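Reading through the structure tokens given below for one structure.
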Amino acid sequence: MWVVVGKAAAMTVEQRQQFVYYFYEAERLWQAEQYADAFALFDFCYALNPDDAMTNRYLGHIYRGSQLVPQSLPFYRRAWEAAPEECWNDYAVTLYNNGSAAQKAEAIRVMEQAGTSLPDDPDVWDRLRDAYIGVGQYKQAIHAQDQLDRVEGYSPYSAINRYRIYMMAQDTKKAIKAIEDYLQEDPTNVQFQLYRMQLYEMTGRPAKQLVPIYQTILKLDPYNALVLNNYAYQLATTKKGDLRLAEQMSAKAVQAEPNNPTYLDTYAWILYLTGQQTLAQLYMRQAISKLDGNGIPTEMLKHYDIIVEGETK
């Protein structure tokens, strides 16, 4: 049974008995999804003791479930004030998700207070991390992730969260480190290898750094179309690249995903570089047609002009 707090001491013995009886009946009705009847009884309990944490919490649930979020907040707040360790989550999350900037700041304050009183509760740090991300406080988000790792241990989940936070903060150097730190724990994780590959490509790393990553991923996942395409294009655009190997890998990527315009474009360009003009034109036209009227990437348009339009000029 939940402890009655606040004005409970002012209730008569009869009122206490009424409170307990109607509270449990209201809770039964709530669990049976008879919300209107539950509301009437919780409202009666509230009249007897407006400071009871669970009565306020249930009333907040009912108002929120009825899409009356502003009306739910005062009840959630009173529940939190009466029992902060049990009721911080409802108040803070509802306030954060539906509030103004000032209300979001208040929600974070509530979560931070919960972090002080419940330092080993992973839900607090999980909520805080996401709340900090939402308001652009990335340094604090990393601190919350540190605390979560302290409680639950380091995992792919923590690594991917660090990567996500650093990417939003536009700190690609730390994002790469977050991925590489985890790859030291599990170098066979294909998804993390792909994250590293994409970060290296995005930051313009040279071929000598990219090629070993492509090769590592293909050992783990030989038919990964994205890697086959990107590795093939890297070879095709690198001086003295192996065009024969590039063509083989690009063909596999197209075979795996024949409607992918990017893969078709890569294959057309490699065919052009190897002197297979007719086939190059065929695949280049297919690549453009797959875009279905959407904007053509600059690089693809350049290839089209050289392979197709160049023949008619």
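The values are calculated or read from the model by the stated rules, or taken from the named source; none is laboratory data. On a predicted model such as this, the values are computed, not experimentally measured, just so you know. Cβ sites come from the backbone with ideal geometry, for glycine too, and all protein chains shown count toward neighbours. For accessibility, only protein heavy atoms count, side chains too; no ligands or nucleic acids. Shrake-Rupley method; radii C 1.70, N 1.55, O 1.52, S 1.80 Å.
Filter the stretch 33-50 down to residues that are outside any helix (DSSP H, G or I) and open to solvent by less than 50 Å² (accessible area, probe 1.4 Å) and give me whichever is farthest from Val69 (Cα to Cα). For the stretch 33-50, the residue satisfying everything is Asn49.
So which residues in the stretch 227-261 are closer than 15 Å to Met197 by Cβ and open to solvent by 50 Å² or more (accessible area, probe 1.4 Å)? Answer for the stretch 227-261, where residues must be closer than 15 Å to Met197 by Cβ and open to solvent by 50 Å² or more (accessible area, probe 1.4 Å): just Tyr233. Scanning the stretch 263-307 for residues that are among the hydrophobic types (A, V, I, L, M, F, W, C) and open to solvent by less than 30 Å² (accessible area, probe 1.4 Å) turns up Leu264, Ala268, Ile270, Leu271, Ala280, Met284, Ala287, Leu291, Met300, Ile307.
Restricting to the stretch 182-199, and then to whatever is part of a helix (DSSP H, G or I) and either of a type in the set (D, E, K, R) or closer than 18 Å to Met249 by Cβ (or both), can you tell me which residue is most open to solvent (accessible area, probe 1.4 Å)? It comes out as Glu185.
Mind checking which residues of the stretch 261-304 are aromatic (Phe, Trp, Tyr), out of contact with any His (no Cβ under 9 Å at 6 or more places or on another chain) and within 18 Å of Ala246 (Cα to Cα)? Of everything in the stretch 261-304, those that are aromatic (Phe, Trp, Tyr), out of contact with any His (no Cβ under 9 Å at 6 or more places or on another chain) and within 18 Å of Ala246 (Cα to Cα) turn out to be Tyr263, Tyr267, Tyr283. When every residue of the stretch 4-27 is checked against the conditions, at least one turns out to be without any contact (Cβ under 8 Å) to a residue 60 or more places away in the chain and within 36 Å of the chain's Cα centre (by Cα).
If the condition is being in a loop (DSSP other than H, G, I, E, B) and open to solvent by 50 Å² or more (accessible area, probe 1.4 Å), then the stretch 63-85 contributes Ser66, Gln67, Leu68.
Whenever a residue of the stretch 102-113 is within 11 Å of Tyr132 (Cβ to Cβ), its partners that are part of a helix (DSSP H, G or I) and among the basic types (Lys, Arg), lying with C-beta atoms within less than 7 angstrom and at least six residues away or across chains, give the pairs Met111/Arg127. When you look at Asp181, is it within 20 Å of Ala280 (Cβ to Cβ) and acidic (Asp, Glu), yes or no? When the stated conditions are applied, Asp181 does not pass them.
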